Amino acid sequence: MAEELLETPLASLHRELGGRMVPFAGYAMPVQYAPGIMAEHLHCRAAAALFDVSHMGQAELVGEGAAAALETLTPADVQGLKPGRQRYGLLLNAEGGIIDDFMVANLGDRLFLVVNASRKHIDLPLIEAALPAGVRLRAMPDRALIALQGPGAVAAIAGLFPGIDALSFMGVWQGDGMVVSRSGYTGEDGVEISVPADAAEALARRLLALPGVLPAGLGARDSLRLEAGLCLYGNDIDETTSPVEANLVWSMGKRRRMEWNFPGAARIRDELDNGVKRLRVGIRPEGRQPARQHTVVHAGGEAVGEITSGGFGPSVNGPVAMGYVARPHAADGTPLELMVRGKALAASVAPLPFHPHRYAR
């Protein structure tokens, strides 16, 4: 029997707009609209695109010691996060593998969390089990999450959210029951808006009525994040991957790397001191043919790694990929061969991101 798919508060709007719905992380989600993935991708880079990301898990941590409690599960510096600011972090297991990546915002009287749709059933019980008396985790299934991304996004909504344009990257605004962060998953400037589910469709319609704003689906979201060199959980990071291998050491707080009091600290400290066997790198195939996930990477006739995310990059007008390769082959410019349909495709290690980040610094 086919699994019953969940729907976001914007499902009927997606259908009205002609969204092609596909299963994703247990939800029916739009993969694209009539213009197609490439057009939606390029529109996001040029103007502003609206994405429904309501399938993500949202929750609040409330109570004295909430930040310290969360730090028992992550090497991110949560206690040092100032009110009105947001940070990226990793939940780790005892072996230093990545259980999930998440966003945490300090809203002054509470912490606001966003976790991945495919992992929220794991993350939220894990966090809850780590909480001391007096700290509560409140899951928020009654919220939607809307991302407006692109160089025109903030200018378009400045009239709706006074003061938004004054925020820098990872700044957070609150008002009218909404939490708005200047962040996203495209490499572009933009915002993510947490809004009560019953107000989501009206807000989405207001945003879509603004000049230069068009809807975009999961397909464009994936190609945008790949060009931006951003990890997708389950592809580029998982419970076998450490932050060092994944090139995510920057997400670990400086204080935390002096205390070493987080899960998997022994493995991570050893990898930082002695190096890792493999590293996540950018890979540029030559020619026009993309190399997809699980493509085997060769160097000098031997297998040295695997592609974890790959596709065509509309903004760079060519194929792009990320993957893990043995450390001796991880330097930029290293020649590689990708085994695509039984043929060796020439490629090389390339610096990330493939398309420059344009966050509001």
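Bear in mind that the values in this text are calculations on the coordinates, not laboratory data. Keep in mind that this is a model prediction, so the values were computed, not measured. A quick note on method: Cβ atoms are made from the backbone with ideal geometry, for glycine too, and the neighbour counts reach across all protein chains shown.
Count the net charge of all other residues whose Cβ sits under 15 Å from the Cβ of Gly234, scoring Lys and Arg as +1 and Asp and Glu as -1.
On the way: positive: Arg119, Lys120, Arg221, Arg225, Arg280, Arg292; negative: Asp100, Asp101, Asp123, Asp222, Asp236, Asp238, Glu239, Glu306.
That sum, taken over residues with Cβ under 15 Å, equals -2.
Please report, in debye to the nearest 20, how large the charge dipole of the stretch 132-265 is about its Cα centre when each Lys and Arg carries +1 at its beta carbon and each Asp and Glu carries -1 there.
440
Taking 7 Å along the Cα-to-C-beta vector as the label spot, tell me the Asp270-Val62 distance in nanometres, rounded to one decimal.
Distance between the two pseudo-spin positions: 4.3 nm.
Calculate one ³J(HN,Hα) per residue across the stretch 320-337 by plugging θ = phi - 60° into the Karplus curve 6.51 cos²θ - 1.76 cosθ + 1.60, and present them in order as whole Hz with x for glycine and proline.
So the Karplus estimates, Gly and Pro as x, are 9, 7, 10, x, 10, 10, 4, 3, x, 10, 9, 6, 3, x, 4, x, 9, 10 Hz.
Whole-Hz Karplus ³J(HN,Hα) for the stretch 172-180, in order, using 6.51 cos²θ - 1.76 cosθ + 1.60 and θ = phi - 60°, x for Gly and Pro?
Once θ is set to phi - 60°, the couplings for the stretch 172-180 become 10, 10, 10, x, 6, x, 10, 10, 10 Hz.
So what is the 222 nm mean residue ellipticity for the chain from helices alone, if each DSSP H run of at least 4 adds -39500 (n - 2.57) and you divide by all residues, rounding to the nearest 500 deg cm²/dmol?
-5500 deg cm²/dmol
Got the relative contact order for the chain handy, in percent, Cα pairs under 8 Å and 6 or more residues apart?
Reported relative contact order: 18 percent.
With both partners inside the stretch 1-228, how many of the DSSP beta bridges are antiparallel, as a percent to the nearest 5?
90
Using only the Cα atoms of the chain, what are the Rg and Dmax in Å?
When restricted to the Cα atoms of the chain, Rg and Dmax are 20.4, 60 Å.
Compute the signed sum of charges (Lys and Arg +1, Asp and Glu -1) over the other residues within less than 15 Å, Cβ to Cβ, of Pro215.
+1
Report relative contact order for the stretch 277-350 in percent, whole number only (criteria: Cα-Cα under 8 Å, sequence separation at least 6).
Taking the mean separation of contacting Cα pairs over the length of the stretch 277-350, I get 38 percent.
State the answer as a single residue: which of Pro75, Pro35, Gly63 lies farthest towards the positive end of the charge dipole of the stretch 1-228, with beta carbon charges of +1 for Lys and Arg and -1 for Asp and Glu, about the Cα centre.
The residue sitting most towards the positive pole is Pro35.
Would you list, by chain and number, the lysines whose Cα falls below 23 Å from the Cα of Lys254, excluding same-chain residues fewer than 8 positions away?
Lys82
Using a simple charge model, +1 on the beta-carbon of Lys and Arg, -1 on the beta-carbon of Asp and Glu, nothing else, what dipole does the stretch 1-228 show about its Cα centre, in debye to the nearest 20?
340
Place a +1 charge on the Cβ of each Lys and Arg in the stretch 277-350 and a -1 charge on the Cβ of each Asp and Glu, then give the dipole magnitude about the Cα centre in debye, rounded to the nearest 20.
160
I want the local charge near Arg327. Using Cβ-Cβ distances under 12 Å, sum +1 for each Lys or Arg and -1 for each Asp or Glu among the other residues. Don't skip to the end; give the middle numbers.
On the way: positive: Lys277, Arg278, Arg280; negative: Glu245, Glu271.
Result for the neighbourhood of Arg327: +1.
Counting pairs of Cα atoms in the stretch 277-350, how many percent are more than 21 Å apart?
The answer is 12 percent, as a whole percent.
Give me a comma-separated list of calculated 3J(HN,Hα) values for the stretch 38-54, in order, Karplus coefficients 6.51, -1.76, 1.60 applied at θ = phi - 60°, integers in Hz, x for any Gly or Pro.
Listing the rounded values in order: 5, 5, 5, 4, 5, 5, 5, 5, 9, 9, 7, 10, 9, 10, 8, 10, 5 Hz.
Among Ala200, Ala66, Ala133, which one shows the biggest mean-square fluctuation in a GNM of the chain, springs joining Cα atoms closer than 10 Å?
Ranking Ala200, Ala66, Ala133 by mean-square fluctuation puts Ala133 first.
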